[in-house]
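This report refers to the structure that appears directly beneath it.
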Ligand code: F6P
């Protein structure tokens, strides 16, 4: 492999708090090791269209505390075609970029894997998504901030739910993963979480009702993970209206506010650590791996493994929630 002298960096897919901290860490670590850095705007779209600019240390000043991504992000159809990827490769060569750092979720890392296979380009992925659904890392950049945002919202909903003695279904993001739903339900002291991982095993609404939530409480909050597999919060509210009309039901869909806000200390540290490790990995000659943290140690996870969509939910947490919600 030829020596890497210039790194391209991009953020892709849904933005996540901490992406800016990762951009800063990649840029500064690369410069520290004598490499040149180029920022690619709007994810793969900017690689295809050539929206690329050299980044110096000052370009990433004062961004560690900001949510979103200063590089912007996009979901890019062109990059899904061989012609689009060829154009992207030509732009990379034109700009003198020898290796890519991609910050994003499973779609973004799948794109990097295909690109690396086709053009023999060293690509390093950083897990940037609030969904926490990448295998091989204990948490993803943005997940902790989103969890805390949900917690703040649910604490507020609790006030009104208690006052009116209502049953609330609160829908949270996560695409097809229940990490945000299950962990926010535990942290906010909720009565149940309805998650995609269990959608085919049991009728989760029946389970919740059977658990006897009205024995000791007059109000309840159930967190529902958005997903076609669960049907979402509206689906359960409709069911309760029809099957248990005695309950006064309301729905809150938290939506995109979960993706915003200043990153927590956890996400800033994780992003800084992973960003620095991405450059170390490139200098070691690693390619086509995602950098993760497992048991507080930096690890390299092959793209194919990271994106397999089989990161397991911890069953122990499901039992904890059940026991604590009596
Ligand atoms: O992957 C992050 C995520 O926020 C998911 O939780 C959600 O399903 C999706 O992105 C929403 O995407 P968009 O912003 O394109 O509507």
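Please treat every number below as a calculation from the coordinates, not as lab data. Predicted, not measured: the structure shown is a model, and the values here were computed from it. All Cβ positions, even for glycine, are placed from backbone atoms using ideal geometry, and neighbour counts span all protein chains on display.
At a glance:
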item: Footprinting exposure proxy for 267, 15, 176 (fewest neighbouring C-beta atoms within 10 Å first); result: 176, 15, 267
item: For the chain, calculated [θ]222 nm from helices alone, where every DSSP H run of n ≥ 4 adds -39500 (n - 2.57); result: -12500 deg cm²/dmol
item: Between segment 233-270 and segment 159-223, the Cα center-to-center distance that results, in Å; result: 9
item: Helix 143-164 vs. the chain, principal-axis angle (Cα, 0 to 90°, nearest 10); result: 20
item: Protection-proxy order for peptides 197-203, 29-35, each taking the mean of Cβ atoms within 10 Å per residue, highest first; result: 29-35, 197-203
item: Cα long-axis angle, helix 265-284 against the chain (0 to 90 degrees, to the nearest 10); result: 30
item: For segment 169-215: rounded, prolate or oblate by the Cα gyration tensor [a/c cutoff 1.5]; result: oblate
item: Segment 191-253, relative contact order in percent, only Cα pairs under 8 angstrom and at least six apart counted; result: 33
item: Ranking of 140, 149 by count of other Cβ atoms within 10 Å, fewest first; result: 149, 140
item: Order of 55, 208 - criterion: other Cβ atoms within 10 Å of each residue's Cβ, fewest first; result: 208, 55
item: Segment 4-93: C-alpha gyration tensor shape, a/c 1.5 cut-off, then a/b vs b/c; result: oblate
item: Length-normalised contact order for the chain - Cα pairs under 8 Å, 6+ apart - percent; result: 23
item: Potential lengthening between residue 235 and residue 81 on full extension [0.36 nm per residue; Cα-Cα distance subtracted]; result: 51.8 nm
item: Relative contact order of segment 159-216, pairs being alpha-carbon contacts under 8 Å that are 6 or more residues apart, as %; result: 21
item: Cα-based radius of gyration of the chain once divided by 2.2 N^0.38 Å, which approximates compact folds; result: 1.08
item: Span from the segment 71-133 Cα centroid across to the segment 15-39 one, whole angstrom; result: 16
